[in-house]
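What follows is calculated from the coordinates using simple rules that are stated; it is not laboratory data. These numbers come from a predicted model, not from an experiment. Every residue, glycine among them, receives a Cβ derived from its backbone with ideal geometry; neighbour counts consider all protein chains shown.
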Amino acid sequence: MPERSEQADSMMIAGGNCAQAVLSVFCEELDLEKGRALRIASGFGAGMGRRQEVCGAVTGAVMAIGMKYGSADPGDREAKETVYRLTRELMSRFQDEFGSCLCRDLLGCDLQSEEGQRQYSAKGLGIKVCRPCVRRAVLLAGEIL
């Protein structure tokens with residue numbers, strides 16, 4: 001598991017967003033082509049397009065849960081309940097550790113504004129907040145998957 005966290009950290013350093021970093025480390029296990037995973041997760045970074053809703057690290061982990069336990073049959077209630085239960089577990093554990101699953105709460109600045117983006121950089125929030133969230137989301141997802 002630590003190897004996956006390191007891979008996700010490297011993805012962040014290379015410029016990937018939080019959702020991409022988390023989902024991409026599970027590609028082999030999920031039989032998901034990495035380029036496809038990166039495209040799927042691309043809009044979920046910074047709480048979905050910098051809207052700072054649910055943390056992208058969390059959404060990347062939820063996507064991995066869905067890929068493993070979800071069903072292509074919309075009527076498969078058992079699969080749906082399994083995915084919902086595991087998603088709640090992941091989110092509860094993440095929130096217990098970080099205090100929130102919302103990007104805006106985790107960062108404390110507005111990424112939709114230039115000033116907020118400057119604060120993000122100046123305070124090193126990518127290193128201090130985002131990367132630890134990514135590493136932990138990978139570990140949590142790995143325990144669940």
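Points to keep in mind about this one:
- Within segment 112-131, considering residues that are within 28 Å of Leu86 (Cα to Cα) and free of Cβ contacts under 8 Å to residues at least 12 places away in the same chain, the one surrounded by the most Cβ atoms within 10 Å (Cβ to Cβ): Ile127
- Annotation note: of Met63, Met67, Met91, the sole residue that is farther than 26 Å from Leu107 by Cβ and of a type in the set (A, V, I, L, M, F, W, C) is Met67.
- Of all residues in segment 98-116, exactly one satisfies the criterion of being of a type in the set (Ser, Thr, Tyr) and under 16 Å from the mean Cα position of the chain (by Cα), namely Ser100.
- Members of segment 1-26 found to be part of a helix (DSSP H, G or I) and either within 11 Å of Met63 (Cα to Cα) or of a type in the set (Asp, Glu) (or both), listed by number: Glu3, Glu6, Asp9, Ala19, Gln20, Val22, Leu23, Ser24
- Across segment 27-52, the qualifying residues are those that are of a type in the set (Lys, Arg) and assigned to a loop (DSSP other than H, G, I, E, B), and the one among them that is surrounded by the fewest Cβ atoms within 10 Å (Cβ to Cβ) is Arg51.
- From Gln119, Gln95, residue being farther than 21 Å from Gln20 by Cβ and either hydrophobic (A, V, I, L, M, F, W, C) or within 15 Å of the chain's Cα centre (by Cα) (or both): Gln95
- Hits in segment 53-78 (condition: crowded, with 22+ Cβ neighbours inside 10 Å and either over 20 Å from Ser92 (Cβ atoms) or over 14 Å from the mean Cα position of the chain (by Cα) (or both)): none
- If you go through segment 54-102 and keep only what is in a helix (DSSP H, G or I) and among the acidic types (Asp, Glu), you end up with Glu78, Glu81, Glu89, Asp96, Glu97.
- Residues of segment 41-55 that turn out to be over 16 Å from Ala8 (Cα atoms) and not basic (Lys, Arg), as a count: 7
- Residue satisfying all of: in segment 103-145; in a helix (DSSP H, G or I) and polar (S, T, N, Q); farthest from Tyr69 (Cα to Cα) among these: Gln119
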